[in-house]
Every structure is written in structure tokens, then in C-alpha cells.
1. Which value, in debye to the nearest 20, describes the size of the charge dipole of the chain about its Cα centre when Lys and Arg Cβ atoms bear +1, Asp and Glu Cβ atoms bear -1, and nothing else is charged?
2. Over the stretch 12-96, give the accessible area per residue in Å² for a 1.4 Å probe, as an integer.
3. In the Gaussian network model of the chain, springs joining C-alpha atoms below 10 Å, which of 84, 12, 55 carries the largest mean-square fluctuation?
4. Can you give the percent of C-alpha pairs in the stretch 15-96 whose distance is more than 16 Å?
5. Taking θ = phi - 60°, what integer Hz values does the Karplus form 6.51 cos²θ - 1.76 cosθ + 1.60 yield along the stretch 2-8, in sequence order, with x for Gly and Pro?
6. How high is the relative contact order of the chain, in percent, counting Cα pairs under 8 Å that sit 6 or more residues apart?
7. Could you tell me what percent of the accessible area of the chain is made up of carbon and sulfur, with a 1.4 Å probe and every protein chain present?
8. Zone of residue 32 (label point 7 Å along Cα→Cβ, backbone N under 17 Å): which residues in the stretch 7-25?
Amino acid sequence: IFVSDLLAFPFATEHTWRILFSVTVVAALVQILCFPFLIESPRWLLGRDRTSRKARYIIKKLRGLRHDHEVEIEVNHYISASHAQACDNNDDHTSS
């Protein structure tokens, strides 16, 4: 926030405030245009369906894995981490 304030300070005048305002619009448009190229989270996909082929494909692509057994090891890591987190959340709710 501090850095953005420093960068915006020169534009915070009576005549250049429109430039400062338009930068926000441009940043939002860039995010909207990039949205179709975002991939879904493999952790989220595996949380919904542990047999998700799409999740396995994304893991393989993100990690640069070549073999299916490497992907399955990674999938098991995601699933076990998700299970451990769920257990931790249950322990937090019961101890309160």
C-alpha cells in the first residue's frame, strides 16, 4: 500500500487525477482478459472428485512430471494434506 501511494503521489493533483483513475480501469481490464487462461486448482478439483483426470493433467503440467506414477504420488500428497487439514479443523472445533 505504501509503494502504491508513493507511485500515485505525483498523479494526485487537480489536473492528473484522471490518469490515476484510469490506471485502475486498465489493471482491471488486464485481469479480465487474463481470466480465461487461468487454470483451476488441482487441490480444489481433487477435493471435489479424488479421481479427477483434469486435476492429474494440471499437476503433470505444473510440476513438469513425465510419468503417471509421479503424478499419483503428488495426488496422494494433495489428498493426505487435505485430510490432515480436515482433521485439524475438526480438532479446533471440538476443543472450543
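1. 560
2. 85
3. 12
4. Roughly 66 percent, once rounded to a whole number.
5. 4, 5, 5, 5, 5, 5, 7
6. 17
7. On the chain, the fraction of accessible area on carbon and sulfur atoms equals 63 percent.
8. Those under the cut-off are 21-25.
The values are calculated or read from the model by the stated rules, or taken from the named source; none is laboratory data. Owing to the predicted nature of the structure, the values given are computational and were not obtained by experimental measurement. Cβ: placed from backbone, ideal geometry, glycine included. Neighbour counts: every protein chain shown. For the accessible areas, the whole protein counts, side chains as well, though only heavy atoms, and no ligand, DNA or RNA atoms are used. Shrake-Rupley method; radii C 1.70, N 1.55, O 1.52, S 1.80 Å.
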